[in-house]
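Peer 1: Once you've had a glance at the structure underneath, I'll fire off some questions.
The values are calculated or read from the model by the stated rules, or taken from the named source; none is laboratory data. The structure presented is a predicted model; accordingly, all values stated were derived computationally and were not measured. Methodologically, a virtual Cβ is constructed for each residue, glycine included, from the backbone with ideal geometry; neighbour enumeration extends over all protein chains shown.
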Amino acid sequence: MRHALSLCLVLSLVSPAPAHATSFANRGIGLGVGYMRVLTDVRTVPEWAVPLWLEGSYYAENGFDVYLRVPIALAQVSLGIPPATAEMPAGMAGLVVAMGGQFGVRYLFLEETVRPFVSLHLSGIYVLRPTNDTVTTGSNLLIGPGAGAGVEVFVSDSISLQARGFADWFVGINCGSSNCQSFSLGGSLSASTYF
């Protein structure tokens, strides 16, 4: 009996320990802040914006997750600066509020604590014009595809920090001009909780 107990003890010491992989939840919700610069000649389109993001994500499988980001932003529009003319009145110049969203999918290269990723999305911006806006041309609704890349780092099993960069190509809806295209470059930092 003593030999059997000794054999069991030796076998338990030399046998490999079971692996314990960190498991992360599939759904996430987070807050973020960012900056985007819009490269365009259309003066009714914001030159830059500072968005605050509310974002949600759902991990599908095989490294893919789906996300939705809804920002509200403070944006700078240069229409009418400098000086206002009959074709370019100053009714919309200065800081305005913009809203929008990004709906997309990202691919995670790793599914561990550090997760580099690339993403594709459909993006939109809606610029809220002031009530005294006298501008009748130009679009306050922009829609288009975009792409991004970044890294997400889990600081615990349910909390992550994310840094990402993105680029978008926008087309103005009902812009009334021959040049309705805009390009934007930006980045954001966010914190999310997973459940």
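Peer 1: Restricting attention to the range 34-46, which residues are surrounded by 20 or more Cβ atoms within 10 Å (Cβ to Cβ) and hydroxyl-bearing (Ser, Thr, Tyr)?
Peer 2: Across the range 34-46, the qualifying residue is only Thr44.
Peer 1: Now for a separate question. Give the residue that is surrounded by the fewest Cβ atoms within 10 Å (Cβ to Cβ), with candidates limited to residues of the range 47-98 that are at pLDDT 95 or above and either polar (S, T, N, Q) or over 21 Å from Ala191 (Cβ atoms) (or both).
Peer 2: Here the answer is Phe64.
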